[in-house]
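The values are calculated or read from the model by the stated rules, or taken from the named source; none is laboratory data. Everything numeric here is computed off the predicted structure, so don't read it as measured data. Neighbour counts are summed over all protein chains in view; Cβ atoms, including those assigned to glycine, are modelled from backbone coordinates with ideal geometry.
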Amino acid sequence: MKRLLALLLVLMPVFFAISCSSKGSKEEKLLEELSNLDKDTIFERAEGLYEAKKYTEARQLFSFVYDSFPNDPLGHKAALRVADTYAVKTDVTNLTEARLRYRDFANRYPNDPDRDYALLMVGHTFSARKLRPDRDLSPIHEALGAYQQLANLYPNSRYATEAQDRMGGLEELLAEHEWLVATYYFRNKRWVGAKWRLEYIQENYPGYTKIGQVNDRISAIQTKLDEAEARYKKLIEERTKKIED
């Protein structure tokens, strides 16, 4: 056993060197192959790999185009496609990487014709995972901010309608959050807090699907507040009368 362990310790550096050499030779071979192709051919090949869902391989070619032609319009498109190869995954790590790349593109190329797409995808990277009104609201606000920026800066964009639709769904979630908080206050007879939350929904989310219930509850709360005020006034009058007597 000791001899076997000793042999493994001796051979491990060799295996590692062979592995690195093999990896290096593959990369060198790929670079040599790509150097003999024009940028359009490489980009088209990358698109084919992407369509075949070979995202890692596609990413290598898109990256090569961008790294080789960073100031070329095709290089810009390649940068976005690199981000797309991450965005197709819905795990946190890939979505975060995609988001960083889309944001970097939007900041780096403010005049690029595809900047509206980059902003759209920033929003998508936040809304790709299930969002809930009873959890952390920051992803909802971040996604909403990206869509709003797209809608404000590019009202005629082909992505504007999609952004508006997404904004409607996100606003529904934010309104639902306010409704849940207001319901908690209502059940605990904290009338003023509940009314404030409901009036906030009225003012900021008039398209909320439960707006009818919001209006009814505000009326019910106002009735309770009026009754409480009437009882208070009556109590003051009775005590004042006793003092005077």
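Data for the structure
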quantity: Within the stretch 33-71, considering residues that are aromatic (Phe, Trp, Tyr) and out of contact with any Gly (no Cβ under 7 Å at 6 or more places or on another chain), the one surrounded by the most Cβ atoms within 10 Å (Cβ to Cβ); calculated: 62
quantity: Leading residue by the ranking (surrounded by the most Cβ atoms within 10 Å (Cβ to Cβ)) among those in the stretch 197-217 that are hydroxyl-bearing (Ser, Thr, Tyr) and not in a helix (DSSP H, G or I); calculated: 205
quantity: Pick from the stretch 72-90, criterion within 24 Å of the chain's Cα centre (by Cα) and surrounded by fewer than 16 Cβ atoms within 10 Å (Cβ to Cβ), ranking: nearest to residue 105 (Cα to Cα); calculated: 88
quantity: Cβ-Cβ under 7 Å pairs, at least 6 apart or on other chains, the stretch 171-184 side more than 15 Å from residue 140 (Cβ to Cβ), far side at pLDDT 95 or above; calculated: 182/194; 182/197; 182/198
quantity: Criterion: in contact with a helix residue (DSSP H, G or I) (Cβ under 8 Å, 6 or more places away or on another chain) and assigned to a helix (DSSP H, G or I) - qualifying residue of 161, 125, 93; calculated: 125
quantity: Lone unmet requirement of (1) modelled with pLDDT of 95 or more; (2) surrounded by 15 or more Cβ atoms within 10 Å (Cβ to Cβ); (3) more than 25 Å from the chain's Cα centre (by Cα) for residue 94; calculated: (3)
quantity: Any hit, the stretch 141-157, residues being among the charged types (D, E, K, R) and surrounded by 15 or more Cβ atoms within 10 Å (Cβ to Cβ); calculated: yes
quantity: Qualifying residue in the stretch 98-108 (condition: within 19 Å of residue 48 (Cα to Cα), in contact (Cβ under 8 Å) with a residue 24 or more places away in the chain, over 13 Å from the mean Cα position of the chain (by Cα) and assigned to a helix (DSSP H, G or I)); calculated: no
quantity: Which numbered condition residue 142 fails, given (1) of a type outside the set (A, V, I, L, M, F, W, C); (2) modelled with pLDDT under 95; (3) closer than 23 Å to residue 167 by Cβ; (4) out of contact with any Asp or Glu (no Cβ under 7 Å at 6 or more places or on another chain); calculated: (2)
